[in-house]
Amino acid sequence: MNFKKELAAILYGLLNQEIPEAQLELLIEKPKYTEHGDLAFPCFTLAKLKRKSPQAIAQELSVQIQSPSFEKVEVVGGYINVFLNKKLVSEKLLNKVMAEVGQFADQDFGKGGTITIDMSSPNIAKPFSMGHLRSTVIGNSLALITEKCGFKPIKINHLGDWGTQFGKLITAYKLWGDAEKVRQNPIKELLVLYIKFHEEAERDSSLEAQGRSWFKKLEDGNEEANSLWQWFRDESLKEFSRIYQLMNVEFDSFAGEAFYNDKMDRIVHLLEEGQLLVESDQAMVVDLTEEQLPPCLIKKSDGATLYATRDLAAALYRKENYDFAQSLYVVGHEQSLHFKQLIAVLGKMGYDWAEKMVHVPFGMMLKDGKKMSTRKGKVVLLEEVLNESIAMARQNMEEKNPHLVNKDQVSKQVGVGAVIFHDLKNHRMNDIEFSLEEMLRFEGETGPYLQYTYARGRSILRKADYQAKVLPENGPNTWEKEWKTASLLMDFAPAIKRACENHDPSIVAKYIIDLAQAFNKYYAEVKILEENKNLETRLALVFSVSVVLKEGLRLLGIEAPEEM
Ligand code: ARG
């Protein structure tokens, strides 16, 4: 049901195949105002080519454009405006949605290719930050969107579970730690120790050296160091898992930085073989002058490997294990340089698949215009934020719908959905102002607004005791009032495709907002349940809109309650 294609094919014939069909299709626009029809073909390019006025060409072509799919063709200025056959198109479209339900808008251009998605990736023994929330939410949605397009996504949590900070943490724990306290409140307690280490280190310069030596022991397999590290890691993961469960996010792999410890020698070896390692300031680096980038640090003077080395090992491992068609890294834009270096080094090593690696950056989460960070002592804990949002959603519900049966479940769906939608509705590069009040509003561009629109649709269908059934072609129904909403259903698949290609879930978010707004306007204007010849049409529309809203929300990682 691609009418741009159909129009392009007709024009291609009319123009004696002089201009490629694909090029014609690209020229076709969707007019801003419905008065100008559903498709518009600007004739200005043709005018230059043919040395005629755009109006004359538009006039000439327009009278020859004929198809049962089009009900009217008009010329305005240099444009040919095409009006689709509302009845034919709506009936076909709604029948398709009713037949396919959750599979509607499924696509197969991914051809089963694997996409690894490096996402979430919090640092062990530190609180889950807002940046990690963004990465989790964007990555999860990209997994769902790419899957809908026929790819096979692999979600990888590249845990920050290795590095000199663990030496510092072990030092601090051995000096001031209390096992019981850590067990009870691991992340908070470990953070307290970590902060104390840095405070004390300002006075006592021997601490840094102790930290380095503990990390060395850890890297050399010292038993005490390793069992402490393992314990910190387990406790942290337990806390992170609670957050992932709240958000309904699962991973295919938790292979974090530590996983690559025994795979680093090979990287160093390969770099040496390729004569890419040079010494600089007592460290080993890959020179990237040619690429106009600063050198990439591979190995420190004491032999310790680095973040970049582990990422090189991870990239190779992923290529060899998953044979990815694309490899995405959903990580904040402040790491852009790191990923440029990573890709450049792999390119120098001769791996042409380095081109398939994409850094998918995003902006910051702000509170009152300032970065929300894990500042000394004052930490914004994501779990608390989610729980607060759920509590507020619940309070709303007690006021609006006190008799709702499964309030626990619904307030979780609404509270969490609000946080996710607030994140995904903007292009990911934009900074986001964090505001629970704003996220939880029932009007405007919010998660609850969309969920409420869905629940309203479902409630109408329940009242009518409606079962989806195929609409008769050329039935008695009219489509004037329904057209705006019905025709939007056509745009779902292209929106998903663009979101997939641009790694940008906000395209799907904006699309479902448009659909919900059109539908709510329709709902305000039309008595849906009124008994007359158009009843079937209206119910089929309500059903189809519900299907698409639910699927759109699902692609963002948000659930749609049947009632709220
Ligand atoms: N743990 C890192 C951080 O919090 C993010 C890791 C991103 N993924 C990667 N492969 N480097 O900054």
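The values are calculated or read from the model by the stated rules, or taken from the named source; none is laboratory data. Because the structure is a prediction, the values reported are computed rather than measured. Neighbour counts run over all protein chains shown; Cβ positions are idealised from the backbone, glycine included.
Only residues that are of a type in the set (A, V, I, L, M), closer than 30 Å to Val331 by Cα, buried (at least 18 other Cβ atoms within 10 Å of the Cβ) and out of contact with any Leu (no Cβ under 7 Å at 6 or more places or on another chain) were counted across the stretch 431-485, and they come to 2.
Selection within the stretch 134-153: residues that are buried (at least 24 other Cβ atoms within 10 Å of the Cβ) and within 13 Å of the ligand (Cβ to nearest atom). The member of this set that is nearest to the chain's Cα centre (by Cα) is Ile138.
More than 19 Å from the chain's Cα centre (by Cα) and surrounded by 12 or more Cβ atoms within 10 Å (Cβ to Cβ): does that describe Val405? No; evaluated as a whole, the condition is false for this residue.
Residues of the stretch 125-149 that are touching a strand residue (DSSP E or B) at 6+ places or on another chain (Cβ under 6 Å) and farther than 22 Å from Ala493 by Cβ: Met130, Ser135, Gly139.
Among the residues of the stretch 31-48, those that are without any contact (Cβ under 8 Å) to a residue 12 or more places away in the chain and closer than 30 Å to Leu94 by Cβ comprise Lys32, Tyr33, Glu35.
Output the residue which, of all residues in the stretch 159-185 that are farther than 27 Å from Met119 by Cβ and not in a helix (DSSP H, G or I), is nearest to the ligand (Cβ to nearest atom). Looking at residues that are farther than 27 Å from Met119 by Cβ and not in a helix (DSSP H, G or I), I get Gly177. The condition of being within 11 Å of the ligand (Cβ to nearest atom) and hydroxyl-bearing (Ser, Thr, Tyr) holds for only one of Ser301, Ser327, Ser336, that being Ser327. State yes or no: is Ile156 at pLDDT 95 or above, near the ligand (Cβ under 10 Å from one of its atoms) and more than 20 Å from Arg554 (Cβ to Cβ)? Spelling it out, Ile156 is indeed at pLDDT 95 or above, near the ligand (Cβ under 10 Å from one of its atoms) and more than 20 Å from Arg554 (Cβ to Cβ). Remark: pairs (first residue in the stretch 321-342, within 21 Å of Leu424 (Cα to Cα) and part of a loop (DSSP other than H, G, I, E, B); second residue of a type in the set (Gly, Ala, Ser) and near the ligand (Cβ under 10 Å from one of its atoms); Cβ separation under 8 Å; 6+ apart in sequence or on different chains) = Val331/Ser121; Val331/Ser135; Gly332/Gly131; Gly332/Ser135.
As a summary of the residue check, Tyr173 satisfies the conditions (1) in contact (Cβ under 8 Å) with a residue 60 or more places away in the chain; (2) in contact with a Leu (Cβ under 8 Å, 6 or more places away or on another chain) except for the one numbered (1). Name the residue that is nearest to the chain's Cα centre (by Cα), counting only residues in the stretch 216-249 that are part of a helix (DSSP H, G or I) and more than 25 Å from Gln184 (Cα to Cα). Here the answer is Glu219.
Can you go through His403, His427 and tell me which one is without any contact (Cβ under 8 Å) to a residue 24 or more places away in the chain and not in a helix (DSSP H, G or I)? Give the steps one after another, and end with the answer.
Working: His427 fails: without any contact (Cβ under 8 Å) to a residue 24 or more places away in the chain.
Testing whether each residue is without any contact (Cβ under 8 Å) to a residue 24 or more places away in the chain and not in a helix (DSSP H, G or I) leaves just His403.
For every residue, the table says whether it meets (1) in a loop (DSSP other than H, G, I, E, B); (2) surrounded by fewer than 16 Cβ atoms within 10 Å (Cβ to Cβ); (3) touching a residue at least 40 places away in the same chain (Cβ under 8 Å); (4) of a type in the set (Lys, Arg).
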| site | (1), (2), (3), (4) |
| --- | --- |
| Ala393 | no, no, yes, no |
| Glu398 | no, yes, no, no |
| Lys412 | no, no, yes, yes |
| Gly415 | no, no, no, no |
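Taken over the stretch 306-324, the residue count meeting the criterion of being among the polar types (S, T, N, Q) and within 14 Å of the ligand (Cβ to nearest atom) is 1. The number of residues in the stretch 106-127 being part of a loop (DSSP other than H, G, I, E, B), under 18 Å from Tyr329 (Cα atoms) and near the ligand (Cβ under 10 Å from one of its atoms) comes to 4.
Output yes when any residue across the stretch 234-249 is surrounded by fewer than 15 Cβ atoms within 10 Å (Cβ to Cβ) and hydroxyl-bearing (Ser, Thr, Tyr), and no when none is. Yes, the conditions are met somewhere in the stretch 234-249.
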